[in-house]
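Chemist: Take this structure, written in structure tokens, and hold onto it; I'll ask about it next.
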Amino acid sequence: MSTDYVSLKPIQMVDLFAGRMERFDIRKEQSKDSSHESRLLTDGFNFVWVYGKESIVQGFTRYAFNNPAFIFECICKVFDTNIVSEYEPEFWGYESQEEMDAMFEAAHRKDKERFYGELIKFIAGQPCDIHPGTIGMEQAEIAKKLVAQNPALALTENRDTFLAQIDDIYKRLRPPIVVKFDESELHALDKRLQTLQELPRLALEVKRNPTNLLDKSINPEDWIG
């Protein structure tokens, strides 16, 4: 689980790691994974990875339940900038939520069209860009079974129906995780989040872990037939 961030103003890698942050007791942390363009910044309790290219900071990444809000706040003060997360329009170069949503929708349509083309190749036994151990392969196996029962689904005019059936079966096989809280639990969670002292521009995100594709493969025949 991770979240990416960017600064809205350019920051030199050398300036960020040359001691200007030490007055806040923020410093570079040694790591075997560090490199010239990938370094770890810590306040002694929390940390954030900093990624650079051609001496300019390209972005930051926060992992797990680590909370680098204080680090970000100090960077903003020292370099007179704002830091935004991947869930904000500015991260992608947009000014509004509507523009960002439109961008993601267009990307989703393009990916859906590409995947459909690969599915048709897979069903026909042709080389394709669907690999074992992926969600795409599980969905492709579902698709193959569906077409075996109803060949007309593979026709272009039935694409949306075909993809919807695949998605419906896959969701039954891999149901989404739903977490429910009663009022007292929500109050306790709210109190806990208040103690994290997040920056005004940095909302705490809760992200669902992707499906672990190393688990035992699903059996489409359990749901189709």
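The values are calculated or read from the model by the stated rules, or taken from the named source; none is laboratory data. Not measured: the values here are computed from a predicted model. Using ideal geometry, Cβ is built from the backbone for each residue, glycine included, and neighbour counts are taken over all protein chains shown. Side chains included, ligands, DNA and RNA excluded: accessible areas come from the protein's heavy atoms. Shrake-Rupley method; radii C 1.70, N 1.55, O 1.52, S 1.80 Å.
Chemist: Once the whole set of protein chains is in place, how much accessible area is left on L16, using a 1.4 Å probe, in Å² to the nearest 10?
Modeler: 0
Chemist: Here is a further query. Assuming R0 = 41 Å, what is the FRET efficiency of R23 and C128, from their Cβ-Cβ distance, to the nearest 0.05? The partial results should precede the final answer.
Modeler: Working: r = 56 Å, r/R0 = 1.36.
Computed FRET efficiency for R23 and C128: 0.15.
Chemist: In µm²/s, what is D for segment 1-61 at 37 °C and 0.692 mPa s, where D = kT/(6 pi eta Rh) by Stokes-Einstein and Rh is the Kirkwood radius from Cα pairs?
Modeler: On the way: Rh = 11.8 Å.
Roughly 277 µm²/s, to the nearest whole number.
Chemist: Using a 1.4 angstrom probe on the protein heavy atoms only, could you order S7, S35 from most to least accessible area?
Modeler: Working: S7 30, S35 60 Å².
My answer, sorted largest first, is S35, S7.
Chemist: Whole angstrom only: what separates the Cα centroid of segment 4-59 from the Cα centroid of segment 68-124?
Modeler: 22
Chemist: Quick one: which residues, 5 or more positions from I11 or on another chain, have an amide H under 5 Å from its amide H? H modelled 1.01 Å from N in the peptide plane, none for Pro or chain starts.
Modeler: HN-HN under 5 Å from I11: V57.
Chemist: Measure off, as a whole percent, the carbon and sulfur share of the 1.4 Å-probe accessible area of segment 51-191, all protein chains present. Let's see the in-between values first.
Modeler: Working: 4770 of 8770 Å².
Carbon and sulfur together cover 54 percent of it.
Chemist: With every protein chain left in place and a probe of 1.4 Å, what is the accessible surface of M100, to the nearest 10 Å²?
Modeler: Probe radius 1.4 Å; accessible area of M100 about 10 Å².
Chemist: To the nearest 0.05, what FRET efficiency results for E54 and K112 with a Förster distance of 35 Å applied to their C-beta separation?
Modeler: With a Förster radius of 35 Å, E is 0.50.
Chemist: Out of residues 5 or more away from I26 or on other chains, whose amide H comes under 5 Å of its own, with H placed 1.01 Å from N in the peptide plane?
Modeler: none
Chemist: Now, a different point. For the pair D33 and D160, how long in nm is the line joining their label points, each one 7 Å along Cα→Cβ?
Modeler: Between D33 and D160, the label points sit 4.2 nm apart.
Chemist: Right, here's the next one. Report the accessible area of Y116, computed with a 1.4 Å probe over the heavy atoms of all protein chains in place, in Å² rounded to the nearest 10.
Modeler: 20
Chemist: Quick check on segment 1-130: take the gyration tensor over C-alpha atoms, sort the square-rooted eigenvalues as a ≥ b ≥ c, and tell me if it's rounded (a/c under 1.5), prolate or oblate. Mind dumping the intermediate values first?
Modeler: Details: a/c = 2.85, a/b = 1.94, b/c = 1.47.
The shape class here is prolate.
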